[in-house]
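Remarks on the structure that follows.
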Amino acid sequence: MTSKNGLLISGAVIVILGVLALAVPIFTTKDTKELAKIGDLKVTAKEESTHVIPPFVGPAALILGVVLMGAALVRRQ
């Protein structure tokens, strides 16, 4: 894989991540933690964590991805 193809692919992936960051700025994950274990008996707890993507990350990723893709196309010529 040449550096031109690498730039193009990297730019495309970053653009996709930027679009996802704009489309879904808040997401929730679930985690199961083991609180206690006595023999075969396990006590677990489920926790939900909410994660917020800062508002500047999506547009910044879009711009960076487009710049990388443009650089790859310019280097091809």
Note, region 58-69: 3J(HN,Hα) by Karplus (6.51, -1.76, 1.60, θ = phi - 60°), whole Hz, Gly/Pro = x, goes x, x, 5, 5, 4, 5, 4, x, 5, 5, 4, 5
Tally Lys and Arg at +1 and Asp and Glu at -1 over the other residues with C-beta under 13 Å from the C-beta of residue 28: what net charge comes out? -1
What are the lysines whose alpha-carbon lies under 20 Å from the alpha-carbon of residue 30, with same-chain residues fewer than 8 places away excluded? 42, 46
Angle, helix 3-23 long axis vs. longest principal axis of the chain, Cα atoms, 0 to 90°, nearest 10? 50 degrees
Grab every C-alpha pair in the chain, bin the distances at 5 angstrom width from 0 up to the longest one, and report whole percents. 3, 15, 15, 12, 10, 9, 8, 7, 7, 6, 4, 2, 1, 0
Could you check the simple spin-label distance between residue 46 and residue 30, using points 7 Å along Cα→Cβ, in nm with one decimal? 0.3 nm
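For the chain, what does the helix formula give at 222 nm: sum of -39500 (n - 2.57) over DSSP H segments with n ≥ 4, over the residue count, nearest 500 deg cm²/dmol? List each step's numbers first, then the result.
On the way: 2 runs with 41 residues, N = 77.
So the helix-based figure for the chain works out to -18500 deg cm²/dmol.
What does the charge dipole of region 3-76 about its Cα centre add up to, to the nearest 20 debye, if the Cβ of each Lys and Arg holds +1 and the Cβ of each Asp and Glu holds -1?
Roughly 360 debye, rounded to the nearest 20.
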Residue by residue through region 36-44, what is 3J(HN,Hα) from phi via Karplus (6.51 cos²θ - 1.76 cosθ + 1.60, θ = phi - 60°)? Round to whole Hz and write x for glycine and proline. 8, 9, 10, x, 8, 7, 10, 10, 10
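Quick note: the coordinates plus some simple rules give every number you see, no bench work behind them. Everything numeric here is computed off the predicted structure, so don't read it as measured data. For neighbour counting, all protein chains shown are included, and Cβ atoms are generated from backbone atoms with ideal geometry for every residue, glycine included.
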